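The values are calculated or read from the model by the stated rules, or taken from the named source; none is laboratory data. The shown structure was predicted, so the numbers you read here are calculated from the model rather than taken from an experiment. Note: ideal-geometry Cβ built from the backbone for every residue, glycine included; neighbour counts use all protein chains shown.
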Amino acid sequence: MYGNSTPQQALAKPPLPGGEKDSGGYANLPFTKVPGWYGTIAWDALLNGMATGLFMAAAFSELAAPAIFTPVAKVAYPVALVLLLVDLGLLVSDLGDPLRFHHMLRVFKPRSPMSVGTWCLTIFSLPLTAAAALSLLAEMGPLLPIKIDFEWPRILAVIAGLLPAFGSAAYKGVLLSTNAQPGWKDARWMGGYLTNSALLIGCGELLVLSALMGRTQAAAILRIAFIVLLILNLIPLGLLFSDLQPTHARLYTRKQEWRAGVLIFAGGTLIPLALTLFNGGLLFLFASVIFLLLGSWVIRFVYVKIPHTAPLEIRSRVV
Amino acid sequence: MASRERHLSGLLQTSDPPRGLISEVVHRLIYPFQRGEAPKPQTPTGFYTDTTICIGCKACEVACKQWNQLPADGFNWSGNSYDNTAELSATTWRHVKFVEQFSDAWSSDRASLDFAPDVPDHNRWLMMSDHCKHCLAAPCHQACPTGAIIHNEFENVYIQADICNGCSCCVASCPFGVITRDNVGGHSHKCTLCYDRQRDGLEPACAKACPTQSIHFGPIDELREQARQRVEELHRRGVTQAYLYGDAPSQTYSEMHSFYLLVDRPSVYGLPDNPFNPWLHMMGDYARSIAGGVVAIAALLVVVLLLRS
């Protein structure tokens, strides 16, 4: 019953003055220490989804229907690279000693989600850079003095980037759920939600790019895909909320819970869905994706905030 | 003499960092990847802390700070009994906890020396010197992405200060709240179980300083046996609530190389009643993460393939 004690020893409960509630001491203090992650990590989780999601959405769409999606994908890869670089900048700046960021590469530990993520992001950055550079070179083709076919190397780079991109998207939720922090440790579907959300965000970004570039067929297909993914994303989101319901119940009043739930559901799903269904114009699609990003950021921020709420641990132990 | 000192300080030592910007940058980039020869495994060692004989003198705290050259925490009142350190931190690797368990009537009853209580007296102090648990399957060790946290040759959990980059994964994963990131250097620190002293055949400073031998240091198997005998002895003497915490593995947590003899619930001492290793969830969490992504990719592909013509 207690810790690692043998049952015979542990079953002997001491008599306490004033009963169990009055045992005093450290019973009402938190066991765990909060890591120095806060707002930066919420932005990191969002940018990670934006970069990996955009790359995967562009890559899969291009590989499935190259005639329709190749022009959009060629713009998407450089955008994904910029997003990834900003994300990596945030990750490095969040370290206690940023100048030692490369120490993460001295070992590979499959049992450490951070190690898996670091290696996936590092490997992903290489084909993504290649795909982005080759896309730009292909666009500059007529201006180059010699004619070189960049298409096959570019496609190879895109294919090579798929697995590490998926790994980069998938590790983040596991990193946040595999620890001892109150709330985080109960979020079994955090990884499922974040990976699914990355594809949704990526699809939204690709949709806006298609609309911006006037690629009507690509935009029409992605609009349908975006609607499907928006609805599909409600499943892992619901499961995540179900995981965190006991935590939310201890953190917030019933009214606050409903208000936050409605805000996230309406702002992050219903409004984008309504805007996308209502009109396929650039302005509506852009607004839709902005609402999606806002909703996605709020979810990540609320989740990251949980262990920073001091009374939580106390309440969780009283219940 | 002064010129001799100047001459000596000017000599380049093998441990000196390289001089010059380029040399320093190259050194910084390369040295983390250099590997020395691993020391030969030694007899696993640990701590057994018998809280029933701790008197809360804090000699262990002072000895730890002195030996490890850790700064003082200031003379603050925490409002919690005689505890002025409040918690383990990057600069406090030993923390003496004070638990006052007294009924409200106790102080007035004891005003008269002639008073003889009719009921057994359970009013008491509990004191405990807390520190890193040196878990056999340590979540901090599993979480560390740099390999800075290792099990050394004595099977103690040790942070290599020159490798840690302050990512805080260990802080998030420790269920006991032991490891803390230092605000000054940005690296994580905790009890080393006086690795340097052990290598020289000495016992850790805290155990050496403990005047009541509440802190026992030695080979872990011997400590376990010693602790079990002590529990049996306490049971024979009527302290039936005595038990060991962390001496053996549970379903959710490994054994610890620093374990305790307690007489109240673990949470009273600020220890989790049922410690849980977060890594037990890892494979399932990865499976859900992959499933979430695969379903989204499948949906995207289906829509694209159906509508491309």
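Take A:SER61 and tell me if it is polar (S, T, N, Q), more than 25 Å from B:ALA172 (Cα to Cα) and surrounded by 15 or more Cβ atoms within 10 Å (Cβ to Cβ). If you could, list the steps in order and put the result at the bottom.
Details: polar (S, T, N, Q): yes; more than 25 Å from B:ALA172 (Cα to Cα): yes; surrounded by 15 or more Cβ atoms within 10 Å (Cβ to Cβ): yes.
When the stated conditions are applied, A:SER61 passes them.
Take B:ALA138 and decide whether it is crowded, with 23+ Cβ neighbours inside 10 Å and either more than 25 Å from B:THR49 (Cα to Cα) or in contact with a helix residue (DSSP H, G or I) (Cβ under 8 Å, 6 or more places away or on another chain) (or both).
no
Is it true that some residue in the stretch B:181-201 is closer than 25 Å to A:TRP37 by Cα, at pLDDT below 95 and of a type in the set (Val, Ile, Thr)?
Yes, the stretch B:181-201 contains a residue that is closer than 25 Å to A:TRP37 by Cα, at pLDDT below 95 and of a type in the set (Val, Ile, Thr).
Restricting to helices (runs of 4 or more DSSP H) lying wholly in the stretch A:1-106: which have 1 or more residues that are among the polar types (S, T, N, Q), touching a Phe, Trp or Tyr at 6+ places or on another chain (Cβ under 6 Å) and modelled with pLDDT of 80 or more?
A:39-64
Which condition does B:SER254 not pass, out of (1) more than 7 Å from every other protein chain (Cβ to nearest Cβ); (2) hydroxyl-bearing (Ser, Thr, Tyr); (3) free of Cβ contacts under 8 Å to residues at least 40 places away in the same chain, if it passes all the others?
Here B:SER254 clears every test but (3).
Among the numbered conditions (1) under 14 Å from the mean Cα position of the chain (by Cα); (2) modelled with pLDDT under 95, tell me where A:GLU151 comes up short.
Unmet for A:GLU151, out of (1) under 14 Å from the mean Cα position of the chain (by Cα); (2) modelled with pLDDT under 95: (1).
Being closer than 22 Å to A:VAL79 by Cβ, within 14 Å of another protein chain (Cβ to nearest Cβ) and touching a Leu at 6+ places or on another chain (Cβ under 7 Å), is that true of even one residue in the stretch A:266-282?
Scanning the stretch A:266-282, I find at least one residue that is closer than 22 Å to A:VAL79 by Cβ, within 14 Å of another protein chain (Cβ to nearest Cβ) and touching a Leu at 6+ places or on another chain (Cβ under 7 Å), so the answer is yes.
In this structure, is A:TYR193 farther than 17 Å from A:TRP37 by Cβ, in contact (Cβ under 8 Å) with a residue 40 or more places away in the chain, hydroxyl-bearing (Ser, Thr, Tyr) and within 11 Å of chain B (Cβ to nearest Cβ)?
In short, yes.
Checking the condition aliphatic (A, V, I, L, M), within 14 Å of chain B (Cβ to nearest Cβ) and surrounded by fewer than 17 Cβ atoms within 10 Å (Cβ to Cβ), which residue from A:LEU137, A:LEU95, A:LEU99 passes? So that I can check it myself, show each step before the final result.
Values: A:LEU137 fails: within 14 Å of chain B (Cβ to nearest Cβ); A:LEU95 fails: surrounded by fewer than 17 Cβ atoms within 10 Å (Cβ to Cβ).
Being aliphatic (A, V, I, L, M), within 14 Å of chain B (Cβ to nearest Cβ) and surrounded by fewer than 17 Cβ atoms within 10 Å (Cβ to Cβ) holds for just one of A:LEU137, A:LEU95, A:LEU99, which is A:LEU99.
Return yes or no: is A:LEU194 over 22 Å from B:ALA143 (Cβ atoms), within 21 Å of the chain's Cα centre (by Cα), part of a helix (DSSP H, G or I) and of a type outside the set (Gly, Ala, Ser)?
Spelling it out, it is not the case that A:LEU194 is over 22 Å from B:ALA143 (Cβ atoms), within 21 Å of the chain's Cα centre (by Cα), part of a helix (DSSP H, G or I) and of a type outside the set (Gly, Ala, Ser).
What pairs come up if the first residue lies in the stretch B:234-251 and is over 16 Å from B:ARG224 (Cα atoms), the second is assigned to a loop (DSSP other than H, G, I, E, B), and their beta carbons are under 6 Å apart, counting only those six or more places apart or on different chains?
B:THR240/A:ALA12; B:GLN241/A:ALA12; B:GLN241/A:PRO14; B:GLN241/B:VAL263
Got at least one residue in the stretch A:254-265 being touching a helix residue (DSSP H, G or I) at 6+ places or on another chain (Cβ under 9 Å), at pLDDT 90 or above, within 30 Å of B:VAL171 (Cβ to Cβ) and not hydrophobic (A, V, I, L, M, F, W, C)?
Checked against the condition, which is being touching a helix residue (DSSP H, G or I) at 6+ places or on another chain (Cβ under 9 Å), at pLDDT 90 or above, within 30 Å of B:VAL171 (Cβ to Cβ) and not hydrophobic (A, V, I, L, M, F, W, C), the stretch A:254-265 yields no hits at all.
Could you count how many residues in the stretch A:156-172 are free of Cβ contacts under 8 Å to residues at least 24 places away in the same chain and over 21 Å from B:MET282 (Cβ atoms)?
1
Could you look through the stretch B:268-309, keep only residues that are facing another protein chain (nearest Cβ under 7 Å) and in contact with a Pro (Cβ under 7 Å, 6 or more places away or on another chain), and pick out the one that is nearest to B:GLU255 (Cα to Cα)?
Ranking the qualifying residues of the stretch B:268-309, first place goes to B:PRO275.
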